[in-house]
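Notes follow once the structure below has been shown.
What follows draws every value from the coordinates through simple rules; no lab data is involved. Values in this document were obtained by computation on a predicted structure and should not be read as measured data. Every residue, glycine among them, receives a Cβ derived from its backbone with ideal geometry; neighbour counts consider all protein chains shown.
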């Protein structure tokens, strides 16, 4: 567990401004994000980064079969913090920007700058002193606002019911229910967000029973085998190492037969959806794939 960074360490840190710009440029409305505890992803994190200029923000980054734990503790501070619950699978760009090495991980954002706090969820008696240090750091940097009345803010427009059902299912790690809700939404009408949700559910389903150490050992022993390469790429995507996932599969593509090429192509295309089709990393990978195919 790392101590809160102080003073000058706050400045010149990781630049999260691109995530703010992405939120401003997005054509899709953000998910509901009012109150002291908010579920956020790459498309909605920009709002919290901006809010951190007036109120300290705590990001609890979880994923897989883990569930968020910090809401009761953050709420006990009565508006002195906003908590952003971030499922890593839904925020690969944020995970990559913060250089997250494992989950759960907790990071503060003060004045738009991230401050690493700890990995894992220690006992409350250990967390409170760290949060108190964050408040001290925020005060020194002029971030002294309060969200005490945040609950009275009118809520954002609600998600379509089936989308909300799917996100609720993902929050409790019920992958089957999330898949069913997204599929039902697609049955009703064309729905790009539900389609993207199904792709993310597929990824979650593939990695939930993988042994990371075993899979990485297999790919080291058999670097030209497609199956372990796909598994490791999935683990990289879940961990936010998007460029590593693309690089691994694109490097393997020229050396395999046509059937294996099709497997790699389909997986890479699914990663485009997970990572965001307009992101720079996807644009580069799309160009590389096109060159390899044609």
Given the chain, what percent of its DSSP beta bridges are antiparallel, to the nearest 5? 50
Counting other C-beta atoms within 10 Å, which of 237, 293 has the fewest, and how do the rest follow? 293, 237
Per GNM of the chain with C-alpha springs under 10 angstrom, the most fluctuating residue out of 230, 203, 186 is 186
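Compute the FRET efficiency between residue 136 and residue 269 as 1/(1 + (r/R0)^6), taking r as their Cβ-Cβ distance and R0 = 51 Å, and round to the nearest 0.05.
Once the sixth-power term is evaluated, E becomes 0.60.
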Can you match Cα extents along the principal axes in Å to one of these, (1) 66, 45, 38; (2) 93, 38, 30; (3) 60, 44, 33, based on a calculation from the structure here? (3)
To test your reading of the geometry: what angle, between 0 and 90 degrees and rounded to tens, separates the Cα axis of helix 124-140 from the longest principal axis of the chain? 70
If you build a Gaussian network model of the chain, linking Cα atoms that sit under 10 Å apart, which residue out of 209, 173, 141 swings the most? 209
Measuring from the longest principal axis of the C-alpha atoms of the chain, the long axis of helix 242-252 (C-alpha) lies at a number of degrees, nearest 10, equal to 10
If you rank 143, 281 by fewest surrounding Cβ atoms within 10 Å, what's the result? 281, 143
Hey, got the Cα dimensions of the stretch 161-293 along the principal axes, in Å, largest first? 45, 32, 26
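Below 8 Å between Cα atoms, with a sequence gap of 6+, how large is the relative contact order for the chain in percent?
18
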The convex hull of the Cα atoms of the stretch 130-223, divided by residue count, gives a volume in Å³ per residue of 226
If you wrap a convex hull around the C-alpha atoms of the stretch 249-294 and split its volume per residue, what is the figure in Å³? 60
Report the Rg/Rh value for the stretch 62-158, based on alpha-carbon coordinates and the Kirkwood definition of Rh. 0.96
Go ahead and set up a Gaussian network model of the chain, Cα springs under 10 Å, then flag whichever of 55, 273, 82 fluctuates most. 273
Working from Cα positions, state the angle (0 to 90°, nearest 10) between the long axis of helix 212-221 and the longest principal axis of the chain. 40
